[in-house]
Amino acid sequence: MSGKTSGSPVWRWAGRAAAAVVALALVLAALLAFVVPGILRTQAAKGMESATGRKLAIGKVEIHPFTWKVEIGEVSLSEPGGQGTFATFKSGKVVVSPSSIWRGAPVISQVRLESPHFNAIRTGPSTYNFSDLIKYLTVPVPELSLNDVAITGGSIDF
């Protein structure tokens, strides 16, 4: 015997394939955690401004790919035209359940919103500073499951 052990080619191939899958998963997780948040912040702000004329500022976005959690912080939405602040919140957290995979629809297992503040102003008969946003509530929402929602420390100024 030569003292050198070698496995069958099938096992070597399977080991290399498993290592490649793990490496690919780690690269995708790193992209999701470090690259996507910056893209999300800029694209959300651009999309909100082009759709509504309101400026959206997002202080931080964190995506935790292994725990399926997204956290955002220091969010503010301006009045139309960028004059004044309509809504803000200190932080928000959404946890998506892995059961979303086999259910074929998002299963949101936890939502936390901390210190939301809304400044509602009547601008005329039956119109308010948020009347332009109401048309976006009629957009069809995909089927989803929403569980464990908590809002803490907020206010609405009217």
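Report which label in (i) 2, 7, 11, 14, 17, 15, 9, 6, 5, 4, 3, 3, 2, 1, 1, 1, 0, 0, 0; (ii) 1, 8, 16, 17, 15, 12, 10, 7, 5, 3, 2, 1, 1, 0, 0; (iii) 2, 9, 17, 20, 18, 14, 11, 7, 3, 0 holds the value of P(r) over Cα pairs in 5 Å bins from 0, in percent derived from the coordinates of this structure.
(i)
Taking the Cβ of Thr42 as the centre, find all other residues whose Cβ is under 14 Å away and add up their charges (Lys, Arg: +1; Asp, Glu: -1). Walk me through the intermediate numbers first.
On the way: positive: Arg41, Lys46, Lys55, Lys60; negative: Glu49.
Value of the local net charge: +3.
How many nm separate the modelled label positions at Tyr136 and Arg103, each set 7 Å beyond the Cα in the direction of the Cβ?
If labels sit at Tyr136 and Arg103, their model points lie 2.5 nm apart.
Between their Cα atoms, which of Lys46/Lys90; Lys60/Lys93; Lys69/Lys93 are more than 18 Å away from each other?
The answer is Lys46/Lys90.
Would you kindly derive the ³J(HN,Hα) couplings of segment 8-17 from the backbone phi angles with the Karplus curve 6.51 cos²θ - 1.76 cosθ + 1.60 (θ = phi - 60°), listing them in order in whole Hz, with x for Gly and Pro?
For segment 8-17, the Karplus curve yields 5, x, 5, 5, 5, 4, 5, x, 5, 5 Hz.
For segment 90-137, what is the convex hull volume of the alpha-carbon atoms per residue, in Å³?
Convex hull volume per residue, Cα atoms: 100 Å³.
Expected output is a single nm value to one decimal: the length gained when fully extending between Gln83 and Leu31, i.e. 0.36 nm times separation in residues minus the C-alpha distance. What is it?
Roughly 15.2 nm would be gained on extension.
Rounded to the nearest 10 degrees, what's the angle between the helix 36-52 long axis and the longest principal axis of the chain, both from Cα atoms, 0 to 90?
Roughly 30 degrees between the two axes.
Hey, can you find the accessible area per residue of segment 13-158 for me, probe 1.4 Å, expressed in square angstrom? List each step's numbers first, then the result.
On the way: 9640 Å² over 146 residues.
With the other protein chains kept in place, segment 13-158 gives 66 Å² per residue.
So what is the calculated 222 nm ellipticity per residue for the chain, using -39500 (n - 2.57) for each DSSP H run with n of 4 or more, over all residues, to the nearest 500 deg cm²/dmol?
Here the helix-only value at 222 nm equals -10000 deg cm²/dmol.
Order the following by accessible area, largest value first: Arg12, Arg112. Probe radius 1.4 Å; ligands, DNA and RNA are ignored.
Of Arg12, Arg112, the descending order of accessible area is Arg12, Arg112.
With a 1.4 Å probe and all protein chains left in place, how much of the accessible area of the chain comes from carbon and sulfur atoms, in whole percent?
66
Can you give me the Cα centroid spacing of segment 15-52 and segment 57-102 in angstrom?
Between the Cα centre of segment 15-52 and that of segment 57-102, the gap is 16 Å.
Return the Cα extents of segment 54-121 along principal axes one, two and three, sorted largest first, each rounded to a whole Å.
For segment 54-121, the Cα extents along the three principal axes come out at 45, 20, 19 Å.
The values are calculated or read from the model by the stated rules, or taken from the named source; none is laboratory data. This is a predicted model, so every value here is computed, not measured. We place every Cβ from the backbone using ideal geometry, glycine too, and count neighbours over all the protein chains shown. Heads up: the accessible areas ignore ligands, DNA and RNA and are worked out on the full protein's heavy atoms, side chains in. Shrake-Rupley method; radii C 1.70, N 1.55, O 1.52, S 1.80 Å.
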